[in-house]
Amino acid sequence: MSLTSDPDIINHEASPEKFIGLSHYFDLIKDPSYHKAIKNTTIYTLGAIGIIVPLSFFIAHLLLACHKFLRPIFSFILIVPGITPPIVLSILFLLFFHGENGILNQFVATPFIALLKSINSPWAESLPDYINWQKDPRFIMFALIFQSVWRWTGFITLFFLCSLQAIPKNLEEAIELEGANFFKRLIHLRIPACSHVILFAIIYLMVDSIAMFAGSYRLLGGSGGTDDAGLLLISYVYQTGFTFQQFNRAAAISMSVVPFLASLIWVLFWRQKKDEVQ
């Protein structure tokens with residue numbers, strides 16, 4: 001048998017490449033799923049920042065007030081969620097959120113709902129006997145935010161604690177001698193002293209919210225959940241690229257957040273230059 005080539009294959013001319021320009025970005029503007037992902041990501045980001053930053057600042061004050069020998073132990077316990085391997089986190093979240101027998105339902109949600117129903121509260125009329133955190137669209141976003149709070153609160157607390165410990169003792173003593181109470185010391189000394197940590201925490205949590213995939217994948221399996229209630233931007237990129245095999249469109253979705261991330265970096269460097277000038 002001779003090895004001959006098919007003349008049709010030899011003479012076949014490849015179709016010329018076509019420059020599509022910004023067509024993928026114009027398609028995104030018309031895509032309701034993209035709008036849903038942007039909305040969910042914004043809610044998730046604001047919710048995580050709004051809870052983690054104040055909570056971390058509060059816990060840092062508690063650590064500052066505790067005995068110096070107990071402080072390292074509590075600090076290590078707080079940062080454990082942030083350094084836990086992903087496979088362990090998957091098991092923990094499954095035990096915590098999974099169905100009727102999940103820890104959150106057994107010890108928190110189900111008893112609280114039963115209490116509301118026993119006192120005939122109007123809030124309990126639309127609630128089931130237990131909450132399906134992974135499938136009920138009313139609570140999927142709460143589960144995602146709770147997961148972020150659990151993982152990163154201790155990590156951010158450690159930075160706040162270091163910043164509070166770096167405040168000079170003479171400043172604390174001076175403002176106390178002037179008769180300032182705790183809240184005045186908090187507003188006029190401690191919050192300004194921790195402003196750089198607050199800015200870092202906000203930017204870090206924003207970037208994590210946009211780039212977070214592991215947490216959403218553990219809870220929702222790469223989908224957006226029921227009614228796309230948990231569809232984040234990174235989840236939509238995964239669906240578009242690896243489920244629908246539209247890699248060019250997935251790249252367009254990814255690149256659409258570049259101006260936002262660039263603006264965050266610009267704010268960080270602008271703040272740093274401002275501090276250096278002062």
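The values are calculated or read from the model by the stated rules, or taken from the named source; none is laboratory data. Everything numeric here is computed off the predicted structure, so don't read it as measured data. When we count neighbours, we look across all protein chains shown, and the Cβ atoms used for this are built from the backbone with ideal geometry, even at glycine. Heads up: the accessible areas ignore ligands, DNA and RNA and are worked out on the full protein's heavy atoms, side chains in. Shrake-Rupley method; radii C 1.70, N 1.55, O 1.52, S 1.80 Å.
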Residue in segment 104-116 that is within 23 Å of Ile83 (Cα to Cα), modelled with pLDDT of 80 or more and open to solvent by less than 30 Å² (accessible area, probe 1.4 Å) present: yes
Extreme residue, modelled with the highest pLDDT, among residues of segment 10-49 that are open to solvent by 100 Å² or more (accessible area, probe 1.4 Å) and in a helix (DSSP H, G or I): Leu46
Given (1) assigned to a loop (DSSP other than H, G, I, E, B); (2) at pLDDT 70 or above, number of the condition Phe57 does not satisfy: (1)
Looking only at segment 119-170, and only at residues there that are farther than 30 Å from Ala65 by Cα and in a helix (DSSP H, G or I), the one that is most open to solvent (accessible area, probe 1.4 Å): Trp123
Pair list, Cβ < 8 Å and 6+ apart or interchain, from segment 180-197 residues that are within 18 Å of Thr157 (Cα to Cα) to residues that are open to solvent by 70 Å² or more (accessible area, probe 1.4 Å) and of a type in the set (Asp, Glu): His196/Asp275
Condition check for Trp150: farther than 29 Å from Trp270 by Cβ and modelled with pLDDT of 85 or more: yes
First in segment 151-168 and under 15 Å from Ile202 (Cβ atoms), second anywhere and open to solvent by 60 Å² or more (accessible area, probe 1.4 Å) and part of a helix (DSSP H, G or I), Cβ under 7 Å, 6 or more apart: Thr153/Leu55; Phe159/Phe200
Matching residues in segment 94-114 - criterion: being assigned to a helix (DSSP H, G or I) and touching a residue at least 24 places away in the same chain (Cβ under 8 Å): Leu94, Phe97, Leu104, Asn105
Tabulated pairs, segment 215-237, first closer than 10 Å to Met141 by Cα and open to solvent by less than 10 Å² (accessible area, probe 1.4 Å), second modelled with pLDDT under 75 and in a loop (DSSP other than H, G, I, E, B), C-beta under 6 angstrom, 6+ apart or interchain: none
Phe200 being more than 20 Å from Asn40 (Cβ to Cβ), surrounded by 13 or more Cβ atoms within 10 Å (Cβ to Cβ) and at pLDDT 75 or above: yes
Residue list for segment 177-202, filter: among the basic types (Lys, Arg) and out of contact with any His (no Cβ under 9 Å at 6 or more places or on another chain): Lys184, Arg185
Restricting segment 54-90 to residues that are under 19 Å from the mean Cα position of the chain (by Cα) and more than 22 Å from Ile198 (Cα to Cα), the residue that is surrounded by the fewest Cβ atoms within 10 Å (Cβ to Cβ): Pro85
Selected residue [modelled with pLDDT of 80 or more and in contact with a Gly (Cβ under 7 Å, 6 or more places away or on another chain)] from Leu171, Leu158, Leu164, Leu78: Leu78
In segment 171-194, the residues that are surrounded by fewer than 18 Cβ atoms within 10 Å (Cβ to Cβ) and under 11 Å from Phe57 (Cα atoms): Leu186, Ile191
